[in-house]
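Structure record follows, encoded as structure tokens.
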Amino acid sequence: MDYLVSGLEMAELDRQTIHELGVPGRVLMEVAGRAVARACLCDLPRAKSRVVIACGPGNNGGDGYVTARALAEAGHEPLVFVFAERRRITGDALAALGTLEKSANTRITFVEDARALATFATLVEGAALVVDALFGTGLSKDVRGTLGDAIDVINERAARVIAVDIPSGIHADTGAVLGRAVRATRTVTFGFAKRGHYLYPGAGQRGELTVEDIGIPEALAAKLNVLGRVIDRNDIATLTPVRAPDAHKGNFGTLLIVGGCPETPGAALLAAAGALRSGVGLVRWATDRATLATAPTRPADLMLLLRDEDESSDAFATRILTSASAVVIGPGYSTAAARLDDLGALLSQARVPLCLDADALNLLAAHPDLWALAQTPLVVTPHPKEMARLTGREVAAIQNDRFAAATELAAAHGCITVLKGAGTVIAGPDGRVAVASTGNPGLAKGGTGDVLAGLIGGLLAQGLEPVRAAELGVLVHGAAGDEAARQSGQAGLTASAVAEAIGDVWRTAKR
């Protein structure tokens, strides 16, 4: 679990390193540029090769100048194109440019007209590698003009591209494309990963990501109270509690699943499939006879709690909540009027953690007064359209800043928000927020979210802290999707296959 920073947080970490720890900015630039050069050398043949380096006016361009000098020292032919007037280059970047100019073995071209841009395009096409050092993490407006043309050239003509810090044109906080953005095959970033490296579309533009230590202490991020994290498959073993050798099923809790209706009974069974592989001791499904009559064959290890025909919402809630350690509500639930009464009774009576998914979220969106009934920690698992209903915002606005959307809902309702999708975001009410790096597009299938809800619910029932249960559930679910895709391909992946693959994830994590 590593820090994931915003552009402003990174700027402050740079500032503290330079002004409070006394590390000269020029030293940081030298280390950063040489780290990029090392990445270039991994992608270059030993024979002398041509590398085109596109530099912008700021410190990102300064990193590019250092990269060029290091590549020249290694025997390659760097061709530097500066997309800025010389008078606009200042500070450490100007010092790095001056040092490069004194080396006298690197060609430097200032792109001031269409002819220079045409030369750039021709040389990019024939280069073994292109280094994108146009913009760094401070970009906040759309790229236009000659710099935008340079990005177009790189995307159209370069075979391999290494981006310095972040692909130019990607917003460091949201991953949004600011007008246009470089498509890199590799990105070398410094200190800590940025949010835009893991939020789409930026995550799809960066290629392979390398985070280089350039001398910014991790302790500074802790002191700054950076709350963002990136979590990956390696964190599964750390987040998963060790099972005692003398444990029994009572040690691992009982999960109650409230879901399904005659039209969509399978959703509750998919949630049960995820729950049964979570490590929970017992799983119970509370449903009615009409739903059971249309349901496919249920797992033999799933226990039933059937509703009496004349049983009230309050009486039903009281009965089924007995012995439950956690509850999942919503998969296949429907939004019928009777379900509204049931959900209200469950929210007001439950004293164990709840995971709300699917139609439970749609009922919350339609009846926001339900939020106030909850007496216990809530984990909510919306996809972007459900999130839009919950917040009254457009789906596009949700997707444009997934960090903000998840953290705002978590803070507003004191819940743990799991905003599903490419780069699932998990946010807690204390501001803690993480992005999971497991998963693939094959998970964009009906039913996979039900499996996730059951998995998170099973972890809640085992007593994991709600944020930890959500993070671990998302990680394991995504890793199971990756395992399933290796067997069937992404297109052939099914929710049932994801549930089946959960066991492989626990096995490889040695849990």
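None of the figures in this text is laboratory data; all of them are computed from the coordinates on show. The structure presented is a predicted model; accordingly, all values stated were derived computationally and were not measured. Here the Cβ is made from the backbone with ideal geometry for all residues, glycine too, and neighbour counts use every protein chain on show.
Taking the Cβ of each residue in THR106, THR438 as the centre, tally the other Cβ atoms inside 10 Å and list the residues starting with the fewest. Working shown, then result.
Numbers: THR106 17, THR438 22.
So the residues, fewest neighbours to most, are THR106, THR438.
If packing is taken as the average number of other Cβ atoms within 10 Å across a peptide's residues, how do 77-86, 290-299 rank, most packed first?
77-86, 290-299
Out of all DSSP beta bridges with both ends in the chain, state the antiparallel percent to the nearest 5.
For the chain, the DSSP antiparallel bridge percentage is about 15.
Give me the percent relative contact order of the stretch 2-224, please, defined on Cα pairs under 8 angstrom at least 6 residues apart.
21
Quick one: which residues, 5 or more positions from THR109 or on another chain, have an amide H under 5 Å from its amide H? H modelled 1.01 Å from N in the peptide plane, none for Pro or chain starts.
VAL80, PHE81, VAL82
Could you tell me the center-to-center distance, by alpha carbons, between the stretch 88-104 and the stretch 380-446 in angstrom?
44
R0 = 35 Å: FRET efficiency of LEU304 with LYS445, Cβ-based, nearest 0.05?
My answer for the efficiency is 0.85.
Please turn the phi angles of the stretch 31-38 into ³J(HN,Hα) values with the Karplus equation 6.51 cos²θ - 1.76 cosθ + 1.60 (θ = phi - 60°), one per residue in order, whole Hz, x for glycine and proline.
Residue by residue, the stretch 31-38 yields 5, 5, x, 6, 5, 5, 4, 4 Hz.
Which peptide among 497-509, 451-463 comes first, and what is the full order, when sorted by highest mean count of other Cβ atoms within 10 Å?
The packing order, highest mean first, is 451-463, 497-509.
Among bridges DSSP assigns within the stretch 2-224, what percent are antiparallel (round to 5)?
5
Can you give the FRET efficiency to the nearest 0.05 for ALA372 and ALA411, using r as the Cβ-Cβ distance and R₀ = 25 Å? Present the calculation step by step, with values, prior to reporting the outcome.
Values: r = 16 Å, r/R0 = 0.63.
It comes out at approximately 0.95.
With the contact rule set at Cα under 8 Å and sequence spacing of 6 or more, what percent relative contact order holds for the stretch 68-135? Can you show the working numbers first?
Values: 50 pairs, mean separation 24.1, N = 68.
In percent, rounded to a whole number, it is 35.
Starting with the highest mean, order 44-53, 197-206 by the number of other Cβ atoms within 10 Å, averaged over the residues of each peptide.
Those peptides, ordered most packed to least, come out 197-206, 44-53.
Provide the percentage of antiparallel DSSP beta bridges, counting only those with both residues in the stretch 235-508; round to the nearest 5.
Roughly 20 percent of the DSSP beta bridges within the stretch 235-508 come out antiparallel.
Please give the net charge around TRP371, taking every other residue with its beta carbon less than 15 angstrom from that of TRP371, where Lys and Arg add +1 and Asp and Glu add -1. Intermediate results must be reported in sequence, preceding the final value.
Numbers: positive: ARG389; negative: ASP369, GLU386, GLU408.
Its environment carries a net charge of -2.
³J(HN,Hα) across the stretch 253-267 via Karplus (A = 6.51, B = -1.76, C = 1.60, θ = phi - 60°), whole Hz, x for Gly/Pro?
Result, rounded to whole Hz: x, 10, 9, 9, 10, 10, x, x, 8, x, 7, 9, x, x, 4.
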